[in-house]
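Here is the structure we will look at.
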Amino acid sequence: MSLHRITDLAGLHRHLHAAMQLEHATIPPYLTALYSIMPGTNTEAFDIIRAVAVEEMLHLTLVGNLLNAVGGTPDLTVHGFVASYPAMLPDGEEDFAVDCQRFSPEAISTFLRIERPADLDHGEKGGRTITRKKARGTVKAGHVGPETEEHFFSIGEFYKAIEDGLDRLHADMGEALFCGNPASQIGPEYYYSGGGGLIAVTDLASAKAALDLIAEQGEGVTDTIFDEDGEIAHYYRFQQLLLGRYYRAGDARDKPTGGPVPVDWKAVYPIKTNARLDDFTKGSDLREAALEFNSTYAIFLARLTCAFQGAPEEFIPAVGDMFHIKELFHRLMRQSIRGTEGLNGAPTFEIDRLKDDPE
Amino acid sequence: MTPEQTQADLLPGFLAISSVLTGFSEHALRGTGQTELYLATACEMVGDDSMRMMLGAFSACDIGDDTEAMGRHMRLCILSHARFGPLARNLIKLWYIGTWHCMPRDWHEAFGGNPADRDHIPSPTSYTEGLLWPAIGANPPGAKPFGYGMWANPPRVTRA
């Protein structure tokens, strides 16, 4: 038996939980870079990052639908769901850590690694998956299994393993695999202002459609720049910011020939990378604001959990929370941190700490 | 000193007087992202000297946390003052509604300042960041949307 194969329903649930963690783990870094852009500047970069972040939220919801469909229980409030930054991604890519940092070439380079196509540098890695013992303390963003772990080179390969598992279990169990309550599915009416759409998962075909959408929007498993609807994959969208030029249909990889993408790396709040509560003086307004951010975020995750666990209508106020969270981001990022040379605050996303170490 | 250096030097005093004039904490004022811009706007229209003198008068007495004494100090030394009063009132309006109003003509005749002083909105975000909105507990109309269907719920306004 190979350790990285999904062979039973519990294994599928574990992988889908990890996939939700993975999709979520990308959101704090994307939003931190996005909202560090001073309003009214870098409008094209803002739109590019915003669109990708919204699609990651779509992916999170699609995986939630999948997990519900196969009888699992999505829960975004469990200890460890929110990564501690710098974080390794939960699919086991361990050659890079993800930071919550300001909009900068370094941030975009990390985003490129997150969204990298499955075949990039493949020769270097020498295979699709690597299975090895977990090095203790290195993987902070959640794991698939307790002892021996799968490590995937890319998110695309992680999802391919999920799809293979789904196929295997479906061959064994037939449609009985999709035993979840259809009323728990979050339907297309709850998603707007982003590419793609929500898919209610009730059978193998809709499950595969959901996985295909995630893969296509992400790094593009087929390694094409544009998908069949003309939507550009996340990897290439971000690459445009570093290369300073838009891709056009027919362009070769790494060689966009479209119009220039104007970027002003200086029109950005000088926030501290991976800010922690302990960076802010106890009792200061900044620390209070950071705590308020974390508790608002915890309420938001609880509301999403509620939506996934049978109350889809909770999605409307949860989306409202996201707009409010944007305001809280800005308020923190405009405050200088006492005792630093010109560094500003930022959300810390220490959600578990609210329970472990309440102030 | 360059204008930037002058203004960086005036910034702490500007935040302190703005907090007393508006009733919002310095943290909340900084959270609007408008502080440097508003200081620069006011200095450009009334001149650095008027701003510097007003901040000097404001911090002349060490009042500490005594809000009643601060109220008296503000009324006597700032708001009733021929030079500082109109400027202080302009700052209140600027923070609340995000618009700089041209100083009265007799003020300019008496104290100088910029002959090109005019009513204007310092930046597109000045309107959305106006203190008026958190003060009345409403979202700025047409800005800071809260998403589909959220109009049916009470507004959620950030107030520090």
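Bear in mind that the values in this text are calculations on the coordinates, not laboratory data. Remember, predicted model here, so these are calculated numbers, not experimental data. Note that each Cβ is placed from the backbone with ideal geometry, even for glycine, and that neighbours are counted across all protein chains shown.
Annotations for the structure displayed:
- For B:Ala57, net neighbour charge (Lys/Arg +1, Asp/Glu -1) across residues whose Cβ lies under 14 Å away: +2
- P(r) histogram, all alpha-carbon pairs of segment A:213-359 included - 10 Å bins from 0, percent: 10, 25, 24, 28, 12, 1
- Pairwise Cα distances in the protein assembly as shown exceed 30 Å for 54 percent of all pairs.
- Per-residue Cβ neighbour rank within 10 angstrom, fewest leading, A:Val52, A:Val268: A:Val268, A:Val52
- Checked against a 25 Å cut-off, the cross-linked pairs B:Lys93/B:Lys144; A:Lys272/A:Lys326; A:Lys355/B:Lys144; A:Lys160/A:Lys355 give Cα-Cα distances beyond that limit for A:Lys355/B:Lys144; A:Lys160/A:Lys355.
- Estimated translational D of chain B in µm²/s (Stokes, Kirkwood radius over Cα pairs; 25 °C; 0.890 mPa s): 147
- Förster radius 56 Å - calculated FRET efficiency between B:Ala116 and A:Thr73 (Cβ-Cβ, nearest 0.05): 0.30
- Comparing B:Phe24, B:Cys77, B:Gly112 along the charge dipole axis of segment B:6-160, the residue lying farthest to the positive side is B:Phe24, per the Cβ-charge model.
- Peptide A:283-293 has a mean shielding of 2, counted as Cβ atoms of other protein chains within 10 Å of each residue's Cβ.
- Trypsin sites (Lys or Arg not before Pro) lying in DSSP loop within segment B:33-119, provided at most 14 other Cβ fall within 10 Å: B:Arg118
- Computed [θ] at 222 nm, helices only, for chain A once each DSSP H run of length n ≥ 4 contributes -39500 (n - 2.57): -15000 deg cm²/dmol
- Listed residues A:Leu22, A:Thr7, A:Asn294: farthest to the positive end of the dipole of chain A (Cβ charges): A:Asn294
- Average silhouette area of segment B:92-158, convex hull of alpha-carbon atoms, in square nanometres: 5.5
- Counting Cβ atoms of other protein chains within 10 Å of each residue's Cβ and taking the mean over peptide B:28-40 gives 3.
- The charge dipole of chain A, taken about the Cα centre with unit charges on the Cβ atoms of Lys, Arg (+1) and Asp, Glu (-1), comes to about 960 debye, rounded to the nearest 20.
- Screening chain A for whole DSSP H helices with an alpha carbon extent of at least 24 angstrom along the helix axis and a mean Kyte-Doolittle hydropathy of at least -0.5 yields A:9-36, A:43-69, A:155-173, A:285-308, A:315-333.
- Dipole orientation for segment A:180-284: of the candidates A:Ser284, A:Val268, A:Gly196, A:Ser284 has the Cα lying most toward the positive pole (charges on Cβ; Lys, Arg +1; Asp, Glu -1).
- Nearest 10 degrees, 0 to 90: helix B:3-22 Cα axis against chain B principal axis: 70
- Of B:Thr67, B:Thr41, B:Thr128, the one that fluctuates the most in a GNM where chain B has Cα springs shorter than 10 Å: B:Thr67
- Under 12 Å of direct C-alpha separation, and excluding same-chain neighbours fewer than eight residues apart, A:Lys282 reaches these aspartates and glutamates: A:Glu359.
- Cα long-axis angle, helix B:35-46 against chain B (0 to 90 degrees, to the nearest 10): 40
- Degrees separating the helix B:84-97 axis from the principal Cα axis of chain B, which is the longest one: 10
- Per-residue Cβ neighbour counts within 10 Å put B:Trp95, B:Trp151, A:Trp265, B:Trp107 in the sequence B:Trp151, A:Trp265, B:Trp107, B:Trp95, beginning with the fewest.
- Cβ crowding within 10 Å, taken as a proxy for footprinting-reagent exposure, orders A:Glu44, A:Glu56, A:Glu314 from fewest neighbours to most as A:Glu44, A:Glu314, A:Glu56.
- For segment A:154-289, convex hull volume per residue from C-alpha positions, Å³: 209
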